[in-house]
Every structure is written in structure tokens, then in C-alpha cells.
Amino acid sequence: SKRPNVDAIIRPDFKFEDMGIGGLDKEFTSIFRRAFASRIFPPGLIEKLGIQHVKGMLLYGPPGTGKTLIARQIGKMLNAREPKIVNGPEILSKYVGSSEENIRNLFKDAETEYKQKGDSSSLHIIIFDELDSIFKQRGSRGDGTGVADNVVNQLLAKMDGVDQLNNILVIGMTNRKDLIDEALLRPGRFEVQVEIHLPDEDGRHQILMIKTKKMRENGALAEDVDLYKLAKLSKNFSGAELEGLVKSATSFALSRHIKVGTVGQITGDLSNVVVGMDCFVNALN
Ligand code: ATP
């Protein structure tokens, strides 16, 4: 049978250009093809083909490179529920004693909806940020609490159990793939693994375009601002750092327009603040 036409089936109102993701076209496509394409098959096709949806995916790479952003945007595209994001260290510390229960609770909404609606349930995405912080401690915690072990075991049990549910995707994120237990990367677990790199120069330019979009639309970005040049100058910056650069340039521009009086009163005209190249250069240093 013919492969479904992805463009026709995915929400036609959703375009990659509008997603606010800079420089990750290849990664986005790869993630979509490998982990999500089966989710847009017509009902029944996946059973016909005798395959199963991907239930777990690992996104790895430096911090602040857009891993969470990609996961969120693909979720939106598929009308998934707002993802549940949990943070590794938080699970370990905050929920000592109840961490296993906490993991179970994460899956509860999806399980309930699946019981009621079966395959017409919406997709539930569960994101484990800083996944390595849980797993690197497995079996190596000297404090004898075994919290990390329990969390890992509970998560594995849950992920293996997800086989019976078609409405869950667990996404793990890490800066240190090398610390992730091999047992987790097996088929049926975090089986799709995609690296998210720091943006290259072209990617940095795209991200700067995205982060200055509002400013450009409102005439608040000075003509002399050369985003190509800034992309050159910001080697090794992550998306998050580029966002930070735009923020500091803006606050630098704002600060020049205001005076803070001796009793803290602020005066000045902020009606025509323009962020110039000098503000960016200042923020870079
Ligand atoms: P961490 O590993 O620290 O959790 P992450 O890779 O999940 O980070 P995000 O949370 O997705 O990173 O991004 C952090 C911030 O930087 C967000 O505000 C996001 O919009 C911005 N950002 C990062 N990368 C990109 C990108 N490629 N395009 C647009 N914005 C980006």
C-alpha cells in the first residue's frame, strides 16, 4: 500500500518555518520520520503492517540547543497533550520515598484516557530532562538509599508496560549520552536516539532572526544590525545563549533611555527605543 502523504495529513496550518525552531531542519525531519510518522498513519495501518509505534526517544546534545522546543512543537503538531516535563535531579531529591509513586503518577492520565478511548486517545508526551542524573547513579549511590535504582526500575517497568498503550511517548533528554545505561537504549525503550548539535553559523543566523522577529516587525531593530555578522561572532553559542544575547542587547538599549533618580524613580522616554549593533556588540563582551 502507498505511504501516506505526510504533508497532506499533518495539520496543514502547521509549517516548520512558523515553529520558531532555528537551524534544526534535518534533526526535526529525522525525529519526525523515526519516532512520529507512524502516529499519522490512517487507523488500522500500523496493525496491518505488524509494527508498533515508537514509545521512547532520546534527544542528546549540549544544553540549550532546542531539545525541549522540538519535542513541544512536534507534540503540538500532533495535537498531543501539553507534555509533562520532569527533571532528573528533582525526582531524586524532592520525591525521596515517593519517587516510584511519582513515576507511576506520570503515566496515570495517559493510562486512564487509553482505557476510555483506546486508540483514539490523544498522544501523551512525558519528558525526562537531565535523564543522566538518574541513571548515572544507578547502583553507585553510596548513601544506601537506592532511590536512583528504584526510580530506574520503576521507569523501566513503566516503559515496558507502555507496549499495551498506543498513546504514550517518553522522551529522555541528556547532555551526556555516555552516562545512560545501555539497558535503556534497547528496542521498546529509548530506541530512537537523535543528536541535537550546537547550531552552525547558518543555524545561528536563523535563531537570531527568530529571536528578533517582533523587534524587526515593530521597527525596533536598528538598520545597522547585521545578523549575519553576529552569527559569525557568536561561534559555539547555543540557541539559549543567542536568546540571551538578544535579551541583553535589548536591555542595554533600554537602559540608555532611562534615568534612575536618587529615590529610585525612573524617568525617560521608552517610546522609540531602537536596539543597535553597538548594543549587540556590547552584549557579546
Ligand atoms: P536543556 O538541555 O538545558 O534542557 P534544551 O536543549 O531542551 O536545553 P530548550 O529548552 O529547548 O533547550 O531551549 C532553551 C531556550 O533556547 C528556549 O527558550 C528556546 O526557545 C531557545 N532555543 C534553543 N535552541 C533553539 C533553536 N534551535 N531555535 C530557536 N530557539 C532555540
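The values are calculated or read from the model by the stated rules, or taken from the named source; none is laboratory data. Fair warning: this is a prediction, and the values are worked out from it, not measured in the lab. No Cβ is skipped: glycine too gets one built from the backbone with ideal geometry, and neighbour counts run over all protein chains shown. Remember, those area values only see protein heavy atoms, side chains included, never the ligands or the DNA or RNA. Shrake-Rupley method; radii C 1.70, N 1.55, O 1.52, S 1.80 Å.
One line per residue, one yes/no per condition, for (1) within 11 Å of the ligand (Cβ to nearest atom); (2) buried (at least 20 other Cβ atoms within 10 Å of the Cβ):
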| residue | (1), (2) |
| --- | --- |
| LEU169 | no, yes |
| ASP181 | no, no |
| ILE196 | yes, yes |
| ARG204 | yes, yes |
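In the condition set (1) touching a Gly at 6+ places or on another chain (Cβ under 8 Å); (2) within 15 Å of the ligand (Cβ to nearest atom); (3) open to solvent by less than 40 Å² (accessible area, probe 1.4 Å), VAL192 is compliant with all but (2). Only one entry in GLU243, GLU223 is closer than 18 Å to LEU24 by Cα, surrounded by fewer than 20 Cβ atoms within 10 Å (Cβ to Cβ) and out of contact with any strand residue (DSSP E or B) (no Cβ under 8 Å at 6 or more places or on another chain), namely GLU243. If only residues of region 221-245 that are in a helix (DSSP H, G or I) and within 10 Å of the ligand (Cβ to nearest atom) are counted, the one that is farthest from GLY66 (Cα to Cα) is GLY244. In region 226-238 there is at least one residue matching the filter, namely being touching a residue at least 60 places away in the same chain (Cβ under 8 Å) and open to solvent by less than 70 Å² (accessible area, probe 1.4 Å).
From the list ILE91, ILE51, ILE70, ILE85, the lone residue that is under 20 Å from ARG176 (Cβ atoms) and open to solvent by 50 Å² or more (accessible area, probe 1.4 Å) is ILE85.
With the condition kept exactly as written, say whether any residue in region 94-114 is surrounded by fewer than 19 Cβ atoms within 10 Å (Cβ to Cβ) and within 16 Å of the ligand (Cβ to nearest atom). Checking region 94-114: not a single residue is surrounded by fewer than 19 Cβ atoms within 10 Å (Cβ to Cβ) and within 16 Å of the ligand (Cβ to nearest atom).
Taking the criterion of being more than 16 Å from ILE21 (Cβ to Cβ), touching a residue at least 24 places away in the same chain (Cβ under 8 Å) and either among the basic types (Lys, Arg) or part of a loop (DSSP other than H, G, I, E, B) (or both), the residues of region 63-94 that qualify are PRO63, ASN79, ALA80, ARG81, LYS84. Being open to solvent by 60 Å² or more (accessible area, probe 1.4 Å), away from the ligand (no atom under 16 Å from the Cβ) and outside any helix (DSSP H, G or I) is true of ASN272.
Would you point out the residue of region 14-60, among those that are among the β-branched types (Val, Ile, Thr) and assigned to a loop (DSSP other than H, G, I, E, B), that is nearest to the ligand (Cβ to nearest atom)? The residue in question is ILE21.
Of the residues screened, LYS136 is one that is over 21 Å from the mean Cα position of the chain (by Cα), within 16 Å of the ligand (Cβ to nearest atom) and modelled with pLDDT under 75. Being open to solvent by 50 Å² or more (accessible area, probe 1.4 Å), touching a Lys or Arg at 6+ places or on another chain (Cβ under 8 Å) and under 20 Å from LYS158 (Cβ atoms) is a property that ASP132 lacks.
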